[in-house]
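First the structure, in the form of structure tokens, and then the observations on it.
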């Protein structure tokens, strides 16, 4: 396992790999890896000859009042995890290596980027599309892996790849949870013990919603109300949104049928958490 | 020489070429090829093992009142030219093959796309960036060739490639002119005989400007005025813009030094023509 910090070095390695006929998987992350990322890495290692894990904390996807400066980093622990799971490269460039000082190019997936998390985070998905495009062009992977926890991100990246014909397959990977049900997130580290207890209401409300749907409830408003009740019944929570949407267009749906995504964004104390479940087929 | 109409077929061919270790050049055009395109193709054939010429007339770079419908096409003549110059593939997909009906992804090179031709053609460069990105992702060329006649396009594509790390080298190719001095353009076919005579004023004014600069004139306004005098002295011409700009930022410059571009856009009758000369180093 090698840590690579420059674009030219990773391109040299990729060139050699290609000469040897290897397939390449890319796992784009922002580091501070947890078992959710681990699951992405494992899936990549299983399905490709070589796996690159990017841990670049991308400044362009943070808004001016967001947590770029305090975003957690631990390259030593990240290296141990990637190595133990059979990954081949950690890509960890400095911001100056990734962005020339006069960067002018933006990518927008219109209609998908402005909704949901895009309302509170207006520059977020443009930044994600920018850095993911750059990583695709640098690593030229056959496969790339995205966790379904960032559901909107997965939908946007999939659409961008389809629209621009990037020669890479986008593979969704299931959400990984603590035993308590809390979805793993690098931002969970911000939670106090009490907030962490309240944060369990996200998964609990989703489980309730899933049960309702299984039992035949198909009115989106009814389901959303049940979710809201559970989340507002615990302290420290402020709901950003609870939505039931079409999993491709991200448009609200009124009646739940065979394809849907139930999406939450909730502030717990000062920490904004997201969670969801979906039926994609 | 093969004509290819589908993305999957061209990808198969590229895959074989790559296995054999070939380098690949891409010449993105909109067909109706003339000797200017010929020069791009020749340069590609000379510098790459394989050359792909796209003749796709890209609808997304035309505005609602522009000449998409009447844009000239002649695939038979195009094939003969590409074949005679040693090109390997003409890529000629239908619009439905290139664009899914729900395309949402746009690319903007901010600060460069809105200026100059971007003022009268507000969607043009977003369309160009979109289709060129798609072609890069489909053909995965080592080199791509752009004529300096579309100077703003060259600058924008070069910046996009740099900003997004597309693994392709962008090569500028000099303007090709008729003996009369008229820069070759697929749109010249729209000109009446009288308009064609007036169109010569574009190159004549640029030659005058070049002479002025050589003789030490460095005041951009003085040079622009000389150009304007020559173009307005002939019938049928309406000036869209005459600009002297920095060749990377496309910002106006007041004093001409070692790096500059002198850019014209002029309506001759109903036909909008562009021409320029530049010093890039």
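Values quoted throughout were computed directly from the atomic coordinates according to the rules given, and no laboratory measurement underlies them. Remember, predicted model here, so these are calculated numbers, not experimental data. A quick note on method: Cβ atoms are made from the backbone with ideal geometry, for glycine too, and the neighbour counts reach across all protein chains shown.
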For residue B:19, inter-copy label-point distances (7 Å, Cα→Cβ), nm, shortest first, read 2.0
Which residue fluctuates most in the GNM of chain A (Cα springs below 10 Å): A:198, A:44, A:84?
A:84
Under 20 Å from a point 7 Å along the Cα-to-Cβ line of residue B:241: which residues of the stretch B:106-147 have their amide N that close?
B:107-130, B:147
Extend 7 Å from the Cα of residue A:280 along its Cα-to-C-beta direction; within the stretch A:31-75, residues with backbone N under 18 Å of that point are A:36-48
Report the FRET efficiency, 1/(1 + (r/R0)^6), for residue B:47 and residue B:83, where r is their Cβ-Cβ distance and R0 is 25 Å, rounded to 0.05.
0.85
Determine the distance separating the Cα centre of the stretch B:10-50 from the Cα centre of the stretch A:81-160; give it in Å without decimals.
30
Rounded to the nearest 10, the angle in degrees between the Cα long axis of helix A:193-214 and the longest principal axis of the Cα atoms of chain A comes to 70
Rounded to whole angstrom, how close does the nearest chain B beta-carbon get to the axis mapping B onto A, and which residue is it?
B:107, 3
Gain in span if fully extended, residue B:73 to residue B:97, counting 0.36 nm per residue against the direct Cα distance
6.8 nm
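What relative contact order, as a whole-number percentage, does the stretch A:186-275 give when Cα pairs under 8 Å and 6 or more residues apart are counted?
Details: 135 pairs, mean separation 27.3, N = 90.
Relative contact order of the stretch A:186-275: 30 percent.
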In nm, give the distance between the simple-model label positions of residue A:16 and residue A:215, each being 7 Å from the Cα along the Cα-to-Cβ direction.
6.0
For residue A:119 and residue B:258, what is the calculated FRET efficiency with R₀ set at 51 Å and r taken between the beta-carbons, to the nearest 0.05?
0.60
Shape call for the protein assembly as shown from the C-alpha gyration tensor, a ≥ b ≥ c root eigenvalues: rounded (a/c under 1.5), prolate (a/b greater than b/c) or oblate?
prolate
Here the correct list, in nm and shortest first, of distances from residue B:235 to the same site in the other copies, label points 7 Å along Cα→Cβ, is 8.8
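Averaging sequence separations of C-alpha pairs under 8 Å and six or more residues apart, then dividing by the length of the stretch A:1-158, give the relative contact order as a whole percent. Please report the intermediate quantities before stating the final value.
Values: 245 pairs, mean separation 54.4, N = 158.
With pairs under 8 Å counted, the relative contact order is 34 percent.
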So the label point sits 7 Å from Cα along the Cα-to-Cβ vector; using that for residue A:194, what distances do you get to the other copies, in nanometres, sorted shortest first?
8.7
Gaussian network model of chain B, Cα within-10 Å springs - most flexible of B:102, B:165, B:48:
B:102
If one builds a Gaussian network model of chain B from Cα atoms under 10 Å apart, the most fluctuating residue listed among B:81, B:164, B:26 is B:164
What is the helix-to-structure angle for B:124-139, meaning the angle in degrees between its Cα long axis and the longest Cα principal axis of chain B, kept from 0 to 90 and rounded to the nearest 10?
30
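Relative contact order for chain A: what percent, with Cα pairs under 8 Å and sequence separation of 6 or more? Working shown, then result.
Working: 500 pairs, mean separation 47.1, N = 281.
The value is 17 percent.
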